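Below is one structure; the comments refer to it alone.
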Amino acid sequence: MFGNLLDNALKYTPKGSRIELGARLAGDDEIECFVRDNGASIPAEDLPHIFERFYRVEKGRSRETGGTGLGLSIVKHIVQLHEGRVWAEKPEGAGLAIIMRLPRLQKC
């Protein structure tokens, strides 16, 4: 998951921009992980679709970077297999944040 998200951030964030990777406890039973950048953002109308298979925001961009439109769909399915959820947010200003919440393992 993180490899794909970092790869996307590196591909679509201009040189000199910032990419952040982080995690924190979210309540007693979840861990929230994120990858956030301050590069060019995704139009609001595309946000609900970016986790769909083969969806690409800019169709021509895939030819330049080799994308298939499967990466975020794969991330979504992996998160769901772990009984988590994933979504995208547009931070203030520019950029994109992909946030994942995963259940925390309970000690036996």
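Computed from the coordinates by the stated procedures, all read-outs in this text should not be read as laboratory data. Since we're looking at a predicted model, the values are computed, not measured. Quick reminder, even Gly has a Cβ in these numbers, built from the backbone with ideal geometry, and neighbours come from all protein chains shown.
What is the spin-label model distance, in nm, from E32 to I99 if the labels are put 7 Å beyond Cα along the C-beta direction?
Calculated label separation equals 0.5 nm.
Once the Cα atoms of helix 2-12 and of the chain are each reduced to a long axis, what angle between those two axes, in degrees from 0 to 90 to the nearest 10, is obtained?
It works out to around 20 degrees.
Specify the residue with the greatest mean-square fluctuation among L47, L96, L72, computed from a Gaussian network of the chain linking alpha-carbon atoms under 10 Å apart.
In the Gaussian network model the winner is L47.
On C-alpha positions alone, give me the angle between the axis of helix 71-81 and the longest principal axis of the chain, in degrees, nearest 10.
Taking the Cα atoms of the chain, the angle to 71-81 is about 10 degrees.
So between Q80 and E20, what do we pick up on full extension, going 0.36 nm a residue minus the alpha carbon distance?
Working: separation 60, 0.36 × 60 = 21.60 nm, distance 2.28 nm.
In short, 19.3 nm is gained.
Can you tell me what the convex hull of the Cα atoms of the chain projects to on average, as an area in nm²?
Approximately 7.4 nm², given one-decimal rounding.
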